[in-house]
1. With the condition kept exactly as written, say whether any residue in segment 78-91 is within 26 Å of residue 268 (Cβ to Cβ) and surrounded by 14 or more Cβ atoms within 10 Å (Cβ to Cβ).
2. Give me a count of the residues in segment 209-244 that are on the phi > 0 side of the Ramachandran plot and either open to solvent by less than 10 Å² (accessible area, probe 1.4 Å) or part of a helix (DSSP H, G or I) (or both).
3. Let me spell it out: the conditions are (1) within 22 Å of residue 339 (Cα to Cα); (2) crowded, with 23+ Cβ neighbours inside 10 Å; (3) among the small types (Gly, Ala, Ser), and residue 161 meets all of them except one. Which number is the exception?
4. Report yes if residue 249 is at pLDDT below 90 and more than 18 Å from the chain's Cα centre (by Cα), otherwise no.
5. Considering only residues of segment 336-351 that are within 21 Å of the chain's Cα centre (by Cα) and outside any helix (DSSP H, G or I), which is surrounded by the most Cβ atoms within 10 Å (Cβ to Cβ)?
6. Could you identify the single residue in 282, 300, 316, 296 that is open to solvent by 40 Å² or more (accessible area, probe 1.4 Å) and at pLDDT 95 or above?
7. I want to confirm something. Restricting to segment 144-165 and keeping residues that are modelled with pLDDT of 95 or more and of a type in the set (Val, Ile, Thr), which single residue is nearest to residue 328 (Cα to Cα)?
8. Going through 132, 104 one at a time, which residue ends up being open to solvent by less than 20 Å² (accessible area, probe 1.4 Å) and part of a strand (DSSP E or B)?
Amino acid sequence: MKKFFAAVGTLCVAVCLAVSAFAAEYGEPNITTQTTMKELRENPSIKGSGFYTYCNEWIEGDTSYDDTPISGYVSYAAAEDAAEGMNLVIENYNKGVQITWQVYTQEQIAETPALGMVQLFYFPAETENAKYVMVVPGNGGNTTAELNEGASIANQLHELGYAVFVLRYRIWMDMGDNAPLEDLARAVEYITAHAEELGVQPEDYALVGFSSGGQVAGVFANSKRGYGRYHVAKPGVLLLGYSVSDTSVMKPVYYTLYDIGTCGRRYYWTSLDKAVEEGYPPVYFWRGNDDSMLGPAWMPGQYNDFEKALQACNVPYKRVTYQHAPHAIGTGNGTDAEGWMTDAVAFWEAHTTG
């Protein structure tokens with residue numbers, strides 16, 4: 001009997017040590033809207049996953065947001081989904097899923113270090129051979145919105161049964177020479193080449209774009225300036241949230257900052273209405289009337305011109321206008337745009353055969 005209890009005691013110690021080791025290496029999926037950014041970044045599984053969380057800072061490692069909860073770091077309308085998206089990252093990482101995928105090769109990164117920041121953050125579907133969504137977040141300054149318009153969107157799309165990839169792409173001083181467009185093309189090429197490994201259908205994917213990321217997505221959907229130029233798979237549908245349609249004001253600024261003295265067309269010269277052509281993918285797009293960042297919808301080169309171009313080229317589309325949906329709200333929870341993702345996915349399914 002003594003030997004039995006000794007063995008049980010030894011087993012209990014071993015289990016406790018194993019649990020402690022697991023806790024040290026893996027984090028718990030207990031992220032809430034009140035989790036601070038420091039707590040989020042110190043979660044072992046978030047750190048191990050490689051998911052990029054410095055979405056508001058100008059310098060990676062900046063501690064100025066350490067005590068800020070997720071609800072104060074991202075839009076109030078996306079906070080709950082962003083927190084759940086981070087829990088999904090933790091759960092997947094703890095199961096051995098590779099979250100972060102480099103788009104460019106190590107040789108390419110060694111030659112051009114900025115390519116190292118171009119990454120895909122993977123949220124697998126529950127089933128194999130699932131349709132996939134590529135999310136192109138908006139950007140501000142030198143960062144892209146991987147939490148506000150990445151993890152939050154991925155969480156809702158995962159619940160709807162899809163695989164999701166959130167793209168981190170080159171911006172700010174690295175966005176010259178059509179870098180965001182090239183990064184998106186390389187990401188699609190990578191997923192297509194590894195579709196079996198990633199468990200996704202490479203055809204008829206949905207391209208979701210927000211703000212300036214929406215313009216990148218819209219130009220990419222053009223056969224001559226986007227996917228066709230890079231010889232990669234055409235999107236099955238565009239789902240655009242408060243997308244920038246025309247960068248008229250910023251064109252000379254962008255060119256002066258990023259491309260001065262260079263030749264060749266730049267993606268930011270193309271307004272979305274000029275990207276539309278025969279065979280352009282079906283488009284679902286929305287904005288809010290109180291979106292002060294985009295300006296009035298009737299401004300030249302904005303949504304009315306985009307809609308007219310879609311009509312002229314017989315492209316299926318759905319345009320939605322909300323009364324109270326500000327800029328950069330992601331999933332839009334708590335606004336009259338709440339539930340737009342479900343509506344957009346229904347549009348996607350109605351216009352693709354996969």
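The values are calculated or read from the model by the stated rules, or taken from the named source; none is laboratory data. These numbers were taken from a predicted model, which means no experiment stands behind them. Note: ideal-geometry Cβ built from the backbone for every residue, glycine included; neighbour counts use all protein chains shown. Just so you know, the surface numbers come from the protein's heavy atoms only, side chains and all, with ligands and any DNA or RNA stripped out. Shrake-Rupley method; radii C 1.70, N 1.55, O 1.52, S 1.80 Å.
1. Scanning segment 78-91, I find at least one residue that is within 26 Å of residue 268 (Cβ to Cβ) and surrounded by 14 or more Cβ atoms within 10 Å (Cβ to Cβ), so the answer is yes.
2. Going through segment 209-244 one residue at a time, the tally reaches 2.
3. Only one criterion is unmet by residue 161, namely (2).
4. When the stated conditions are applied, residue 249 passes them.
5. Per the criteria, the residue is 337.
6. Exactly one of 282, 300, 316, 296 is open to solvent by 40 Å² or more (accessible area, probe 1.4 Å) and at pLDDT 95 or above, namely 316.
7. 153
8. From the options 132, 104, the qualifying one is 132.
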